[in-house]
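Structure, as structure tokens:
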Amino acid sequence: MASKIDFLFYGQDLSEVLTLDPTESLHAVKVLRKKAGDIIQVTDGKGGWFTCSIVDAHPKSCKLQILESTFEYEKPQREIYVAISPTKNGDRIEYFLEKSIEIGISGIIPVKTTHTYPKNINAERWKKIAISAMKQSLKAYLPEIYPYLSVKDFLTLSKPFPTKFLAHLSEGAEDIIRVPLSDKVLIWIGPEGDFTEEEINLATSSDFQNVTLGKSRLRTETAGVFAVSILNAR
């Protein structure tokens, strides 16, 4: 349910007087109809939560004065990263982006597997969706959206993660509800056409543990949202 709090994003270094970018300025002045003297809440996407007063309600460069500051606002107890393949239907992966961020996620890594259809992603649109979902859910941390990676580059990126899961129904796979977790978790969700045998072997040799997401066969975006929900609830 949407909150009544007017919540904006300031993605720059902090100073005594903040100047919102043109998009956020327009939203504050024209959509929210804010004027000088009004109080609003602002985040920097890095854990900062600020109560601000508008000092200049300009629709292209709205200026704010910070009244109160909170840092590491509602910092998540666990960092959750999801590697996922973009879907053929762009709306489906955008649904995953929005809902996973509303639930709580630290980073999203798009991975191009053998069975991944889109050759490219619209990184700028993904960022806009991420910012919107962050504000909608009143979070102070903007998840990192990684570049679109090949399997090889992704596996290299994954090396430092202490806990790594491959969501794949296979013999010996453990239920995600029961596996031990650390404070930083990475889970790799398969593409619409599933992983190839080679990709599964590469993941296993890179210390990924096979986990299941239940008995049902889930769409890519559903699996991603489900995994984020379970990892947040534990």
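The values are calculated or read from the model by the stated rules, or taken from the named source; none is laboratory data. Just so we're clear, the structure is a prediction, and the values are computed from it rather than from any experiment. Don't worry about glycine lacking a Cβ; one is built from the backbone with ideal geometry, like all the others, and counts go over all protein chains shown. Note: accessible area is taken over every heavy atom of the protein model, side chains too, but ligands, DNA and RNA are not part of it. Shrake-Rupley method; radii C 1.70, N 1.55, O 1.52, S 1.80 Å.
Panel values: region 89-176, Kirkwood radius from alpha carbon pairs, Stokes-Einstein at 4 °C and 1.567 mPa s, translational diffusion coefficient 89 µm²/s.
The fraction of Cα-Cα pairs per 10 angstrom bin, counted from 0 for region 78-129, comes to 23, 59, 17, 1 percent, rounded to whole percents. Put simply, the amide H of Trp188, placed in the peptide plane, has neighbours under 5 Å in Ala83, Phe165, Leu166, Ala167, leaving out anything fewer than 5 places away on its chain.
Could you tell me how many degrees, from 0 to 90 and to the nearest 10, lie between the Cα long axis of helix 90-103 and the main elongation axis, the longest principal axis, of the Cα atoms of the chain? Helix 90-103 sits at roughly 70 degrees to that axis.
Rounded to the nearest 20, the Cβ-based charge dipole of region 5-159 about its Cα centre (Lys and Arg +1, Asp and Glu -1) stands at 620 debye.
How large, in Å, is region 1-61 by the Kirkwood hydrodynamic radius built from its alpha-carbon pairs?
Taking every pair of different Cα atoms in region 1-61, averaging 1/r and inverting gives 11.7 Å.
Net length available on complete extension from Glu174 to Ser216 is 13.6 nm, with 0.36 nm assigned per residue and the Cα-Cα distance removed. Solvent-accessible surface of protein heavy atoms, probed at 1.4 angstrom with all chains present, puts Tyr10, Tyr148, Tyr117 in the order Tyr117, Tyr148, Tyr10, largest first. Remark: region 29-41, residue by residue, has Karplus-estimated 3J(HN,Hα) of 8, 8, 8, 7, 6, 7, 9, 4, x, 6, 9, 9, 9 Hz, where x stands for each Gly or Pro and the curve is 6.51 cos²θ - 1.76 cosθ + 1.60 at θ = phi - 60°.
In the chain, which longest range has no GluC sites (Glu not before Pro) that are both DSSP loop (not H, G, I, E or B) and surrounded by at most 15 other Cβ atoms within 10 Å? Don't skip to the end; give the middle numbers.
Working: sites that count: Glu16, Glu72, Glu74, Glu171.
Within the chain, the longest run free of exposed GluC sites (Glu not before Pro) spans 75-170.
With a Förster radius of 35 Å applied to the C-beta separation of Ile121 and Asp56, the computed FRET efficiency comes to 0.45. Gain on full extension, evaluated as 0.36 nm per residue between Gln12 and Ala233 minus their Cα-Cα distance, stands at 76.4 nm. In order along region 73-82, phi translates into HN-Hα couplings of 5, 6, 4, x, 6, 9, 7, 10, 10, 10 Hz, rounded to whole numbers, per the Karplus curve 6.51 cos²θ - 1.76 cosθ + 1.60 with θ = phi - 60° and x for Gly and Pro.
With q set to 0.19 Å⁻¹, the log10 of I(q)/I(0) for region 32-123, from the Debye formula over equal scatterers at the Cα positions, is -0.92. Projecting the Cα atoms of Ile109, Asn89, Ser69 onto the charge dipole of the chain (Cβ charges, centred on the Cα centre) puts Asn89 farthest toward the positive pole. The fraction of Cα-Cα pairs per 5 angstrom bin, counted from 0 for region 189-234, comes to 5, 19, 25, 25, 20, 6, 1 percent, rounded to whole percents.
Just the number: Rg to Rh for the chain, Cα atoms, Kirkwood Rh, two decimals.
Values: Rg = 19.7 Å, Rh = 19.0 Å.
We get a ratio of 1.04 for the chain.
With contacts taken as Cα pairs under 8 Å and at least 6 residues apart, region 79-135 reaches a relative contact order of 48 percent.
Among the listed pairs Lys34/Lys88; Lys34/Lys99; Lys35/Lys184; Lys63/Lys135, give every one whose C-alpha distance is greater than 30 Å.
On the way: Lys34/Lys88 40 Å; Lys34/Lys99 28 Å; Lys35/Lys184 42 Å; Lys63/Lys135 19 Å.
Over 30 Å apart, Cα to Cα: Lys34/Lys88; Lys35/Lys184.
The distance between label points at Ser205 and Lys35 comes to 6.8 nm (points 7 Å beyond Cα on the Cα→Cβ vector).
Normalising the average separation of contacting C-alpha pairs (under 8 angstrom, six or more residues apart) by the number of residues puts the relative contact order of the chain at 20 percent. Dimensions of region 115-218 based on its C-alpha atoms, expressed as ranges along the principal axes with the largest first, amount to 41, 32, 30 Å.
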